[in-house]
């Protein structure tokens, strides 16, 4: 499995949306139940600001996976996870410096 090794430039935003089924009853009552065995997948919003050649390498890595092939990634202080990147944005910041923002979504295979 390929491994994403680049370190983000800025703090990442981690979002967790538990996978829960909710049944609503009258009077405001509800019942909740977790869906599946992996109920709390992580989603990381990462930003990179690097020399153009390094951003090109990150862009090439993500294009090669094409949101189909998962990759390993360890975010600082977090456990290793398998992720896919379904969307990323590349920007031209200054001469020789580019930026890339990506959202990594944890998957379970």
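Any residue in the range 27-40 that is on the phi < 0 side of the Ramachandran plot and surrounded by 10 or more Cβ atoms within 10 Å (Cβ to Cβ) sitting within a Cβ distance under 6 Å of a residue that is in a loop (DSSP other than H, G, I, E, B) and at pLDDT 90 or above? List the pairs, counting only those 6 or more apart or interchain.
No pair meets every condition.
Tell me which residues, restricted to the range 50-81, are more than 15 Å from residue 6 (Cα to Cα) and surrounded by 14 or more Cβ atoms within 10 Å (Cβ to Cβ).
65, 70, listed by residue number.
How many residues are in contact (Cβ under 8 Å) with a residue 40 or more places away in the chain and farther than 19 Å from residue 109 by Cα if we restrict to the range 1-26? Let's see the steps before the verdict.
So in the range 1-26, the residues in contact (Cβ under 8 Å) with a residue 40 or more places away in the chain come out as 1-4, 6-9, 12, 14.
Still in the list and also farther than 19 Å from residue 109 by Cα: 6-9, 12, 14.
The number of residues fulfilling the criteria is 6.
So how many residues does the range 74-109 have that are assigned to a strand (DSSP E or B) and within 17 Å of residue 40 (Cα to Cα)?
So the count comes out to 8.
From 91, 80, which residue is at pLDDT below 90 and in contact with a strand residue (DSSP E or B) (Cβ under 9 Å, 6 or more places away or on another chain)?
80
The values are calculated or read from the model by the stated rules, or taken from the named source; none is laboratory data. Computed from a predicted model, the values in this text were never measured in an experiment. Cβ sites come from the backbone with ideal geometry, for glycine too, and all protein chains shown count toward neighbours.
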